[in-house]
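Step one of this worksheet: look at the structure below.
A short reminder: the numbers here are calculations on the coordinates, not readings from a lab. Source: prediction; values computed, not measured. Every residue, glycine as well, gets a Cβ built from its backbone with ideal geometry; the counts of neighbours run over all protein chains shown.
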Amino acid sequence: MNITTKIKLLALSTMLMVVGCNKDNKDPGPTPTVSTTTPAANAVGVERKATVTASFSAAMNPTTITTSTFTVMNGTTAVPGTVTYSGTTAVFTPTSLLDASTVYTATVSSSAKSSSGAALGTDMVWSFTTVGLPAAGATDPLNSATGVSLSKVVAITFSGAMDPLTITSSTFMLKQGTTAVAGAVAYSGTTATFTPTTALAPNTVYTATVTTGAKNLAGDAIAANKVWSFTTVVLPEVSSTDPLNNAVGVAQNKVVALTFSKAMDPLTITTSTFTLKQGTTAVAGAVAYSGTTATFTPTNNLSSNTAYTATVTTGVKDATGNAIAANKVWSFTTDVSPEVNSTDPLNNAVGVAQNKIIGITFSKAMDPLTITASTFTLKQGTTAVAGVVAYSGTTATFTPTNNLSANTVYTATVTTGAKDVAGSALAANKVWSFTTAAGAGNGLAVVNLGAAGNYVILAKTAVNNTPPSAITGDIGLSPAAESFITGFALTDATGFATSSQVTGKVYASDQADPTPINLTTAVNNMITAYNDAAGRPTPDFSELGTGNIGGLTLAPGLYKWTSTVTLPTSVTISGGSNDVWIFQISGDLLMSSAVNITLTGGAQAKNIFWQVAGQATIGTTAHFEGIILSMTAITFQTGASMNGRALAQTAVVLDGNAVTKP
């Protein structure tokens, strides 16, 4: 090879080296970056079937985007998958679903290069968390709930979105025991609902179930069947009615009522839902509600002896809108109105005693509170007669305060204000008249005192006196001896004694004959007189004033009390000179201090007999009229006076008293 050739070859070699050097030193362009990722960094709730993507800022060399440069790790474990690249985006597609509730880390390494050969400056690393498995959350109603509405739509809320195609009547069902409830299942958002085709049964346990056939969009099923139970509301019931069904003798002023088993909605208790009828005719009235009780108050009293029907409809509802199961219907029959069986005196009677107690007998028991001086009156013309009204058994009485006038027409009236115990009134006022007798006197026989009438004071055990007293009449004591007569400073004589305090004689059982036998007779006659007075039948007045006769004017007649009689204030005894008064007292006779008995109209103390089973006490400075026949003691307190006789089967006690025989 000549030198020229060698020089050419050397020049060519040098040129090739220069060209080669210029090519290796060419600029590859800007460094690419990862601009966006899916899922985003730190994303949560990522679907398990999601793909992982990375978008670059420039076109990349596909040969550098591989499973070596684009990885997804579960901790230190690589997730198997495939990598593809298109445009500027690389996609990592896991071979299988990602695990639930798991943190994954994606990495695009710095080995990835752009199409011009520029590599990523650093590894691109980001993490995300997958969605958890679906869970059945809150239920409506809650488990074990009670009082659930019969129209309840049963619902359940899941922890995340579910696949609607898996929420069906096969995976969401409701049962009553083992019997399936028909209904429609729906799904929206994260909530599934079961709507029963018909209303649920009251007071019944139901069980709802969502099975593991319910899945989320990734196909994940809930971990286990979700089962919960609830009890439906107890429907309101009618606990009781007043009157009861088929009741008879119901008051004509009856307020019809019924009580519910629970509180009701007052707005549903109206004259439309609570009615009362007589046959097909509606009864006018007002409806009210309080507590758990509804009432129907008729505008007017119901008719006598008539059947009525009350109805409460299913329009009546409780506070939560639940109606009673069926109309409540019940019937009752009203009471027969009371009638007047008889009057005493009879209508148009003549010759009626002036001390007559006016009476009326009803066909049935009456309400005593309606038998008053307002409903039972006596008039002479237009002038009201003062008197006391009483009621016992089926008889009402009007006792005039004073004797009626002779030969006079009186009119008695009992108004419709008088009602029976059921509240039913007389159909009409009862009015009747009578005419009193022309003469005076009540025909009551005096009590025969026999030999006891010889003494102003007669006792069996003692006569004790705190002087000075002024006794007008004889004193007798038997079977006790003279020594039991104290406080009189007695001067003995044959068969009797005397005292400056006694205008008369003092006799005792141990004195000379015939005193002992006379006293025995007198004491026996005293006991006979007591028994006569106590045994008189058919009293004209019973339990007058319930034993308190203070302030009263007492007409002639037979009076009877089964308890103590008191005179807290002054009393007037009014009648003719031939009239008789007998007072039968089963208890004590107690006269207060400074109280007086006054006689008017000619009444005489000798015709007034006080038969006392207990003790008689005449208060300090009080004045008494009449004859006391006491089974026990008679006590006169300081300064008391008496016009009458003190006949005691035990002792008579005096304290500076004036006792005068009548």
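List of remarks:
- Above-threshold pairs, the threshold being 21 Å between Cα atoms, out of LYS175/LYS328; LYS356/LYS419; LYS356/LYS379; LYS254/LYS277: LYS175/LYS328; LYS356/LYS419
- Percent antiparallel among DSSP beta bridges (both partners in the chain, rounded to 5): 60 percent
- Length added when fully stretched, THR198-THR620, from 0.36 nm per residue minus Cα-Cα: 142.9 nm
- Segment 34-130: relative contact order in percent, alpha carbon pairs under 8 Å with at least 6 residues between: 35 percent
- Counted by Cβ distance under 15 Å from SER337, the other residues give a net charge of 0, where Lys and Arg count +1 and Asp and Glu count -1.
- Label zone of THR207 (point 7 Å out along Cα→Cβ, amide N under 17 Å): in segment 177-191 this covers 177-182.
- Potential lengthening of the chain between GLU237 and ALA326 amounts to 31.1 nm, from the contour at 0.36 nm per residue minus the alpha-carbon distance.
- Estimated vicinal HN-Hα couplings, Hz - segment 334-340 in sequence order (Karplus 6.51, -1.76, 1.60; Gly, Pro = x): 6, 5, 7, 4, x, 10, 8
- Computed as a quarter of the hull surface, the mean projected area of the alpha carbon convex hull for segment 234-293 stands at 4.8 nm².
- Helix 3-24 vs. the chain, principal-axis angle (Cα, 0 to 90°, nearest 10): 10 degrees
- Dividing the mean sequence gap of close Cα pairs (under 8 Å, 6+ apart) by how many residues the chain holds gives a relative contact order of 7 percent.
- Low-density loop positions, trypsin sites (Lys or Arg not before Pro), segment 283-375 - DSSP coil, at most 16 other Cβ in 10 Å: LYS364
- Here, segment 80-224 has an Rg and a Dmax of 23.5, 79 Å when only alpha carbons are counted.
- Summary value for segment 445-662: 20 percent relative contact order, contacts being C-alpha pairs under 8 angstrom separated by 6+ residues.
- Only Cα sites of segment 561-662 enter the Debye sum here, all with the same form factor; the resulting log10 I(q)/I(0) across q = 0.19, 0.21 1/Å is -0.87, -1.08, listed in q order.
- Its Cα centre serving as origin, the chain has a Cβ charge dipole (Lys and Arg +1, Asp and Glu -1) of approximately 2680 debye.
- THR569 versus THR660: modelled label distance in nm, points set 7 Å from Cα along the beta carbon direction: 2.7 nm
- The helix-only estimate of mean residue ellipticity at 222 nm for the chain, built from DSSP H runs of length n ≥ 4 each weighted as -39500 (n - 2.57), is -2500 deg cm²/dmol after division by the residue total.
- Segment 34-130: radius of gyration and largest Cα-Cα distance (Dmax), Å: 12.6, 40
- Beyond 17 Å, the tail of the calculated P(r) for segment 58-113 holds 35 percent of the Cα pairs.
- Extension gain, ALA437 to LEU142: 0.36 nm times the residue separation minus the Cα-Cα distance gives 97.1 nm.
- Along each principal axis, Cα extent of segment 462-571, largest first, Å: 49, 30, 21
- The alpha-carbon atoms of the chain, seen along their principal axes, cover 216, 67, 44 angstrom, with the largest extent given first.
- Rg/Rh ratio calculated on Cα atoms of segment 249-334 (Kirkwood radius): 0.97
- For PHE362, PHE624, PHE484, order by how many other beta-carbon atoms lie within 10 Å, fewest first: PHE484, PHE362, PHE624
- Among GLU625, GLU482, a tally of other beta-carbon atoms within 10 Å of each Cβ gives an order, fewest to most, of GLU482, GLU625.
- On Cα atoms only, tilt of 515-535 relative to the major axis of the chain in degrees: 40 degrees
- DSSP finds beta bridges in segment 136-232, and of those with both partners inside it, around 95 percent are antiparallel.
- Förster-model FRET efficiency, 41 Å R0, SER593 and SER483, C-beta, rounded to 0.05: 0.85
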